[in-house]
Amino acid sequence: GHSEGGIYLIENTSINLKKMKISNCIGTNGPGIAGVYNDSVYISETLLLNNKGNYALRLSNTLGTQNKIFEYKNCIINNNAPDNNPETAFGGGIILLGSLTPNTYTGKVINFQITENLAAPDPIWPPGAAAGLIITDNAKVDLINSTISKNIVDGIEGSAVSVNKGAVLSVYNSILYGDSLYELSLGRASGSPDPAIANVCYSNIEGGEAGV
């Protein structure tokens, strides 16, 4: 455990992280793994457990104008939550943020278990927060052979997975079930000029269309 988060990556190329356990860390953004402007990032066989802060795994390309790619495989994101500090009080599992420039952040999330994560957004926020996985800011992500379950948004109407601000999520052979309140949400309650897209193939979403 570490009070400033586990791993922070910035402006690297060809990163390969594997067989790690990152647990009991606290950090404002990405208490487990955080980073920005990294290209060709590969993370595998990693457990992020019991970390406290704003999304245990938080990686982005923010203001980047060149495409960055990533592949995350065979990982477990479990029981990550808020802490008592208002600055790190949101919690949640994963957030992948692209860039203001479209087509500059693309990758795959394969064989993941995203389970029992808790998000506790500020009560004044509008509905639409997500506790398991957020894809936003024009990111394009394939979610493959993964299970997302028992994630909870506390206090307001939310979902396990959120896709917004021009992002595209393609879901293949995956299961989303037992989350509170919904499984998948598209767009933002506050609105966005860019549409969010989700393609779902050969997957099980609890509640069917009612779960979206």
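The values are calculated or read from the model by the stated rules, or taken from the named source; none is laboratory data. Since the structure is predicted, the reported quantities are computational estimates derived from the model, not experimental observations. Every residue, glycine among them, receives a Cβ derived from its backbone with ideal geometry; neighbour counts consider all protein chains shown. To get the accessible areas, we keep the full protein, side chains included, count just its heavy atoms, and leave off ligands, DNA and RNA. Shrake-Rupley method; radii C 1.70, N 1.55, O 1.52, S 1.80 Å.
Quick grid of which residues meet (1) acidic (D, E); (2) under 30 Å from Q66 (Cα atoms); (3) at pLDDT below 95; (4) in a loop (DSSP other than H, G, I, E, B):
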{"position": "K108", "(1), (2), (3), (4)": "no, yes, no, no"}
{"position": "P123", "(1), (2), (3), (4)": "no, no, yes, yes"}
{"position": "A130", "(1), (2), (3), (4)": "no, yes, yes, no"}
{"position": "L133", "(1), (2), (3), (4)": "no, yes, no, no"}
{"position": "N138", "(1), (2), (3), (4)": "no, yes, no, yes"}
{"position": "L143", "(1), (2), (3), (4)": "no, yes, no, no"}
Considering only residues of region 21-35 that are under 15 Å from I94 (Cβ atoms) and in a strand (DSSP E or B), which is most open to solvent (accessible area, probe 1.4 Å)? N29
In region 32-60, which residues are of a type in the set (G, A, S) and in contact with a Pro (Cβ under 8 Å, 6 or more places away or on another chain)? G53, A56
State all residues of region 103-133 that are open to solvent by 20 Å² or more (accessible area, probe 1.4 Å) and in contact with a strand residue (DSSP E or B) (Cβ under 9 Å, 6 or more places away or on another chain); if no residue qualifies, say none. N103, T106, K108, I110, N111, Q113, T115, E116, L118, A120, P127, G128
Can you confirm whether region 157-165 contains a residue that is exposed (fewer than 15 other Cβ atoms within 10 Å of the Cβ) and farther than 19 Å from I95 by Cα? no
Which of the residues that make up region 134-152 are among the aliphatic types (A, V, I, L, M), closer than 15 Å to T115 by Cα and open to solvent by 10 Å² or more (accessible area, probe 1.4 Å)? I134, I152
Tell me which residues, restricted to region 53-80, are buried (at least 18 other Cβ atoms within 10 Å of the Cβ), in a strand (DSSP E or B) and modelled with pLDDT under 95. G53, N54
With respect to D39, is the statement that it is under 20 Å from I152 (Cβ atoms) and either open to solvent by 60 Å² or more (accessible area, probe 1.4 Å) or more than 14 Å from the chain's Cα centre (by Cα) (or both) true? no
